[in-house]
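Participant: The structure under discussion is supplied below as structure tokens; questions concerning it will follow.
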Amino acid sequence: MAHLHEAIDFTSAIFVVEDGRVLLILHRKLGKWLPLGGHIELDEEPETAALREAKEESGLDIELVGERPPTTGPGTRALIAPRFMDIHRINATHEHIGLIYFARPKTGTTQLNTEEHLDIRWCSAADLDLLQPPISDAIRWYAETALRELATATQRP
């Protein structure tokens, strides 16, 4: 998706964990290992964007991990907060505010989106060291944190 705003866009990044492994993609255009994710569209809520991006990029339906506050009332709907947020520079004039979610797969079979990615891979913590090109320190930290925090997560039937 093209940038929505000249200076800054909101994006979702989803670290999906199952069986002690985290799902990463090798981005075709960027040549980097990344989590699932992408731009949050103008008419889209952050949770919806995360679910959509995960499905488009992996074929999986996912469940975001987090607590939904019991604050829903007329005119208000509580959202699951991202586990982390960051801001990262894309080029000299553009940045992304990243909403970083942790998730579990619900249904579906992992599929490579060949238009956007060169590879898709479930990685253990040890596998992160073997990826080529090497992953960034930030992606490693988020992936390891997701693996640690979701280690006791229940698995799909």
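Participant: Could you give me the residue pairs with C-beta distances under 9 Å whose first residue belongs to the range 63-92 and is over 28 Å from Lys29 (Cβ atoms) and without any contact (Cβ under 8 Å) to a residue 60 or more places away in the chain, whose second residue is of a type in the set (Lys, Arg) and not in a loop (DSSP other than H, G, I, E, B) wherever it lies, and which are 6+ apart or on separate chains?
Facilitator: Final answer for the pair search is Glu63/Arg104; Glu63/Lys106.
Participant: Residues of the range 126-146 being closer than 24 Å to Ile87 by Cβ and part of a helix (DSSP H, G or I), which ones?
Facilitator: Leu128, Asp137, Ala138, Ile139, Arg140, Trp141, Tyr142, Ala143, Glu144, Thr145, Ala146
Participant: Still on this structure, please answer the following. For the range 73-92, state whether one or more residues are over 14 Å from the mean Cα position of the chain (by Cα), part of a loop (DSSP other than H, G, I, E, B) and under 22 Å from Gln132 (Cα atoms).
Facilitator: No - not one qualifying residue is present in the range 73-92.
Participant: Answer yes or no: is there a residue in the range 104-125 that is part of a strand (DSSP E or B), of a type in the set (A, V, I, L, M, F, W, C), surrounded by 17 or more Cβ atoms within 10 Å (Cβ to Cβ) and modelled with pLDDT of 95 or more. Give the derivation first.
Facilitator: First pass over the range 104-125, keeping only residues part of a strand (DSSP E or B): 104-107, 117-123.
Those left that are additionally of a type in the set (A, V, I, L, M, F, W, C): 118, 120, 122-123.
Restricting the remaining residues to those that are surrounded by 17 or more Cβ atoms within 10 Å (Cβ to Cβ) gives 120, 123.
Going one step further and asking which of them are modelled with pLDDT of 95 or more, we end up with 120, 123.
So far as the range 104-125 goes, yes, one or more of its residues are part of a strand (DSSP E or B), of a type in the set (A, V, I, L, M, F, W, C), surrounded by 17 or more Cβ atoms within 10 Å (Cβ to Cβ) and modelled with pLDDT of 95 or more.
The values are calculated or read from the model by the stated rules, or taken from the named source; none is laboratory data. Nothing here was measured: the structure is a model prediction, and the numbers come from that model. Here Cβ is always computed from backbone atoms with ideal geometry, including for glycine, and neighbour counts include all displayed protein chains.
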